[in-house]
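The next block holds one structure in the form of structure tokens; read it before the comments.
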There are 2 protein chains.
Amino acid sequence: MNIGTAARQSGLPPKTIRYYEDIGLLTADRAANGYRDYSNEDVHRLRFVQRSRSLGFSVEECRQLLSLYTDRDRASADVKAIATEKLGEIDRKIAELTGLREMLGHLVENCHGDARPDCPIIDGLSGRSRDH
Amino acid sequence: MNIGTAARQSGLPPKTIRYYEDIGLLTADRAANGYRDYSNEDVHRLRFVQRSRSLGFSVEECRQLLSLYTDRDRASADVKAIATEKLGEIDRKIAELTGLREMLGHLVENCHGDARPDCPIIDGLSGRSRDH
DNA sequence: TATAGGGGTTCCAGCCACTGGAAGCTCAAG
DNA sequence: CTTGAGCTTCCAGTGGCTGGAACCCCTATA
């Protein structure tokens, strides 16, 4: 199957699939005309990467997961270790964003938002007020 | 004051300050020896950018905020509009991450994480199971 | 059979926001 | 006078694509 079909079935744009091949993440066979030729198993792997990426794994982590995916004998603990680490990162990211949200929300709440120039948001950003 | 001092007082690395000058965000005077020369007001602006960046504003947004910061006559509503938009983005980001966290958390919980090869995480990523 | 289109191919450049490193200059202390 | 820290510029790389140019291939239709 051509790259366009593989793209549609995996949910990844053709450009991205070529990029993944470029960096050696996933290679494909070539047909006689030079076109990339994807098997169903290739599409499985592409979709696997697509899902992993959309769950926040980096491309390098996808490379690891993919080798764990391919290795039928690896221990599930190996996979769990990566996923757990990622979970921690997501939690940290959420906490950080929640902190930001609170701080920025404060500033926005206190700004009357009219035609007058005085603005607690600008004051907050410039460090002139300590009202949080 | 030299760039190193300005860096220490603003919380931005010298490299970053030079980069900001490169892209025309913040310019500095030059001393006779060619060194960049920062005033206290320059440091205020640097710190303003530092805070804005750490609150999740992009460099382009910082450029806008900076001109609003400098313009003593602008309406606070202009600032509030940008900040409110940013607040929405942060909320969307938090919601997205929370969704991810839930999905990945599910997969991790269901994985026994021992020496056996069968692994719900891998299965989930490859789309072989529908147990969420 | 010519042609038009919608694939596919490669390669180069750009995005964002820095960051590292090389090569060379200036300055203050010992 | 030398040493070392700090400053200068410029070039290249990061991650993960994405856009675009220039070209090839395949199928359908006039």
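The values are calculated or read from the model by the stated rules, or taken from the named source; none is laboratory data. It should be emphasised that the depicted structure is a prediction, and the values quoted were computed from it without experimental measurement. Here Cβ is always computed from backbone atoms with ideal geometry, including for glycine, and neighbour counts include all displayed protein chains. The protein model used for the area step is the full one, side chains on, heavy atoms only, and it has no ligands, DNA or RNA in it. Shrake-Rupley method; radii C 1.70, N 1.55, O 1.52, S 1.80 Å.
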For segment B:97-125 the residues that are at least 40 Å² less accessible with all protein chains than alone, 1.4 Å probe, are B:LEU97, B:LEU100, B:ARG101, B:LEU104, B:VAL108, B:PRO117, B:ILE121, B:ILE122, B:LEU125
Comparing each residue of segment A:46-65 in the complete protein assembly with the chain by itself (heavy atoms, probe 1.4 Å, ligands and nucleic acids ignored), those losing at least 30 Å² of accessible area are A:PHE48, A:ARG51, A:LEU55
With all protein chains present, the protein assembly as shown has a carbon and sulfur share of its accessible area (1.4 Å probe) in percent of 49
Using alpha carbon centers only, segment A:37-99 is separated from segment B:23-55 by a whole-angstrom value of 41
A correct Karplus calculation of ³J(HN,Hα) over segment B:92-98, with 6.51 cos²θ - 1.76 cosθ + 1.60, θ = phi - 60°, whole Hz and x for Gly and Pro, returns 4, 4, 4, 4, 5, 5, 5
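So, counting K/R as plus one and D/E as minus one, what does the shell of residues with Cβ under 14 Å around A:TYR35 add up to?
Result for the neighbourhood of A:TYR35: -1.
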So the A/B interface buries, both sides summed and with a 1.4 Å probe, an accessible area in Å² (nearest 100) of 4300
With +1 at each Lys and Arg Cβ and -1 at each Asp and Glu Cβ, the charge dipole magnitude of the protein assembly as shown around its Cα centre, to the nearest 20 debye, comes out at 320
In segment B:67-86, the residues losing 20 Å² or more of accessible area (1.4 Å probe, heavy atoms of protein chains only) relative to their chain alone are B:TYR69, B:ARG72, B:ARG74, B:ALA75, B:SER76, B:ALA77, B:VAL79, B:LYS80, B:ALA83
Under Stokes-Einstein, segment A:1-74 at 37 °C and 0.692 mPa s, with its Kirkwood radius over C-alpha pairs, diffuses with a coefficient in µm²/s of 263
Once both label points are put 7 Å beyond Cα along the C-beta direction, the B:ALA95-A:HIS44 separation in nm becomes 3.6
Expected field for B:HIS44, accessible surface area in Å² at 1.4 Å probe radius, rounded to 10, holds 70
Dimensionless Rg/Rh of segment B:3-126, both radii on Cα and Rh by Kirkwood, sits at 1.24
Chain B accessible area per residue, 1.4 Å probe, protein heavy atoms, integer Å², reads 54
Length-normalised contact order of chain A, Cα under 8 Å, at least 6 apart, in percent, tallies to 15
Residue-ordered couplings for segment A:110-116, obtained by feeding phi - 60° into the Karplus form 6.51 cos²θ - 1.76 cosθ + 1.60 and rounding to whole Hz (Gly and Pro as x), are 7, 8, 5, x, 10, 7, 6
Working note, segment A:75-132: Cα radius of gyration (Å, one decimal) and Dmax (Å, whole number) are 19.1, 64
Per GNM of chain B with C-alpha springs under 10 angstrom, the most fluctuating residue out of B:GLU109, B:GLU41, B:GLU21 is B:GLU109
